[in-house]
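One structure is given below, encoded as structure tokens.
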Amino acid sequence: MGFSPSPTQVPPTPHPLESAKGPSPSEMLILSRSSKLRLLEGTLRRHLPETLPVLGAMMTINHGNPAGYEVLVDSWPEFKAVLTRPHRE
């Protein structure tokens, strides 16, 4: 006779798309202080090559920001997600 665990003993398996979801941009923090943006850039540099695409955007923003982008993170200072988007008017 096989053992059949009750649903409370086995954690539910999340749907693959649900586990890939992160915070929505409305739930994220906007980094506007240059000191935080520089700190973020330094953190991204320490985790190369995985962070290269985001680091390139951060360098552009920190060294002139000609397109007027803003930077959003899921939490600060321990972030897991970084977004850049055109600055909202």
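General observations
- Test for Leu40: is it modelled with pLDDT of 90 or more and among the hydrophobic types (A, V, I, L, M, F, W, C): yes
- Residues of the range 35-49 classified as hydrophobic (A, V, I, L, M, F, W, C) and surrounded by fewer than 14 Cβ atoms within 10 Å (Cβ to Cβ), total: 1
Results for (1) open to solvent by less than 50 Å² (accessible area, probe 1.4 Å); (2) at pLDDT below 85, shown as yes or no for each residue.
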| residue | (1), (2) |
| --- | --- |
| Thr8 | no, yes |
| Pro25 | no, yes |
| Ser32 | no, yes |
| Thr51 | yes, no |
| Gly68 | yes, yes |
| Val73 | yes, no |
| Thr84 | no, no |
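- Neighbours by Cβ (under 9 Å, 6+ apart or cross-chain): first from the range 49-63, touching a residue at least 12 places away in the same chain (Cβ under 8 Å) and within 15 Å of Lys36 (Cβ to Cβ); second open to solvent by 40 Å² or more (accessible area, probe 1.4 Å) and assigned to a loop (DSSP other than H, G, I, E, B): Ile61/Ala67
The values are calculated or read from the model by the stated rules, or taken from the named source; none is laboratory data. If you're wondering where the values come from, they're calculated on a predicted model, not measured in any experiment. Cβ coordinates were reconstructed from backbone atoms using ideal geometry, including for glycine residues, and neighbour counts include every protein chain displayed. Ligands, DNA and RNA are stripped out before the accessible areas are found, and what is left, the full protein with its side chains, is counted by its heavy atoms. Shrake-Rupley method; radii C 1.70, N 1.55, O 1.52, S 1.80 Å.
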